[in-house]
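Take a look at the structure below.
The values are calculated or read from the model by the stated rules, or taken from the named source; none is laboratory data. If you're wondering where the values come from, they're calculated on a predicted model, not measured in any experiment. Don't worry about glycine lacking a Cβ; one is built from the backbone with ideal geometry, like all the others, and counts go over all protein chains shown.
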Amino acid sequence: MKVKIAPSILASDFSKAGETVSLLEQNGADYVHCDVMDGNFVPPITFGAQFVKALRPHTKLPLDCHLMVLHPETHIEDFARAGADLITVHVEACDIPKLFRRIASFGVKKSAVINPATPVEQIFPAVEEADMLLLMSVVPGWGGQKFIPETLKKIETLRNFCVTHGRPELDIEVDGGITEENVGDVLSAGANVIVAGSTVFRSPDMEQTIRRLRGCKRSSC
Ligand code: DX5
Ligand code: ZN
């Protein structure tokens, strides 16, 4: 499966957000991962739909909006109108079938996500309708944390479930603590969409880092 890289702008300088997303596009990213936090579902507050709208003219990359909010249903329309291409909602925060219908009604792609403490089986009901699924590999709320190794087993279990339930090619995204050292394990376990904040934005060479996160060892691939 094609490996896609979704740098999280959480780790970037927000005062240069427009330039940042355009730079991500030039450097070969596949998505812009936007971490929306409301101070309730997770303690910090980051940004909302207005900020996403401000990013929109600066890149053609799909905006992957990860909503870490307590009442996602009240924000779907705002993010859709702001230009989100994909909206990810937490299984812990909402009724997934209802939210998927609402997201799809605006012509936006839909994804569901579970926290590290949530058993992987709880995301299974979303497999049939989802455009992507996300597994958190850190407790959501902060960038720069350490990857939780138990996530690898969840990725394998989810990929196997997708294979045996008619969605073998479903995009499985993993978010949190991914580095050039552990990305190989994440991909081998069956994920194909990699969120990386600190690894991309702390890198002295963003283009090479994005390429290496894809598993490319040579400069030509
Ligand atoms: C955590 C966020 C992640 C995180 C990734 O709440 O959802 O997207 O910022 O950042 P790194 O790659 O630094 O762990
Ligand atoms: Zn995220």
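Considering only the range 1-47, how many residues are within 13 Å of Ile194 (Cβ to Cβ) and near ligand 1 (Cβ under 10 Å from one of its atoms)?
Total satisfying the criteria: 4.
Let's see how each residue does on (1) closer than 21 Å to Gly176 by Cα; (2) out of contact with any helix residue (DSSP H, G or I) (no Cβ under 6 Å at 6 or more places or on another chain); (3) within 16 Å of ligand 1 (Cβ to nearest atom):
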{"residue": "Leu70", "(1), (2), (3)": "yes, yes, yes"}
{"residue": "Ile103", "(1), (2), (3)": "no, no, no"}
{"residue": "Lys110", "(1), (2), (3)": "yes, no, no"}
{"residue": "Ser137", "(1), (2), (3)": "yes, no, yes"}
{"residue": "Lys146", "(1), (2), (3)": "yes, yes, yes"}
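Only helices (runs of 4 or more DSSP H) wholly contained in the range 106-211 count here; list those with 3 or more residues that are within 16 Å of ligand 2 (Cβ to nearest atom) and in contact (Cβ under 8 Å) with a residue 40 or more places away in the chain.
198-201
Mind checking which residues of the range 137-172 are more than 26 Å from Lys109 (Cβ to Cβ) and either modelled with pLDDT under 95 or polar (S, T, N, Q) (or both)?
Gln145
Just the residues that are within 13 Å of ligand 2 (Cβ to nearest atom) and of a type in the set (A, V, I, L, M), please, taken from the range 17-48.
Hits for the range 17-48 are Val32, Val36, Met37, Val42.
Let me confirm something: among Asp205, Asp175, which residue is over 18 Å from the mean Cα position of the chain (by Cα) and modelled with pLDDT of 95 or more? Show your work before the answer.
Details: Asp175 fails: over 18 Å from the mean Cα position of the chain (by Cα).
One residue alone meets the criteria, Asp205.
Filter the range 88-105 for residues that are more than 15 Å from ligand 2 (Cβ to nearest atom) and not hydrophobic (A, V, I, L, M, F, W, C) and give the result.
Step one: list which residues in the range 88-105 are more than 15 Å from ligand 2 (Cβ to nearest atom), which gives 94-105.
Asp95, Pro97, Lys98, Arg101, Arg102, Ser105, listed by residue number.
Among Lys4, Lys60, which is the only one that is among the charged types (D, E, K, R), within 29 Å of Thr209 (Cα to Cα), modelled with pLDDT of 95 or more and within 15 Å of the chain's Cα centre (by Cα)?
Only one candidate qualifies: Lys4.
Starting from residues that are within 18 Å of the chain's Cα centre (by Cα) and assigned to a helix (DSSP H, G or I), keep the ones in the range 63-83 and report whichever is nearest to Pro116 (Cα to Cα).
Out of the qualifying residues, it is Pro72.
So which residues in the range 7-19 are without any contact (Cβ under 8 Å) to a residue 12 or more places away in the chain and either within 16 Å of the chain's Cα centre (by Cα) or in a helix (DSSP H, G or I) (or both), if there are any at all?
Ser15, Lys16 - these are the residues of the range 7-19 that are without any contact (Cβ under 8 Å) to a residue 12 or more places away in the chain and either within 16 Å of the chain's Cα centre (by Cα) or in a helix (DSSP H, G or I) (or both).
Report, by residue number, each residue of the range 26-54 that is surrounded by 15 or more Cβ atoms within 10 Å (Cβ to Cβ), in a helix (DSSP H, G or I) and not aliphatic (A, V, I, L, M).
Phe51, Lys53 - these are the residues of the range 26-54 that are surrounded by 15 or more Cβ atoms within 10 Å (Cβ to Cβ), in a helix (DSSP H, G or I) and not aliphatic (A, V, I, L, M).
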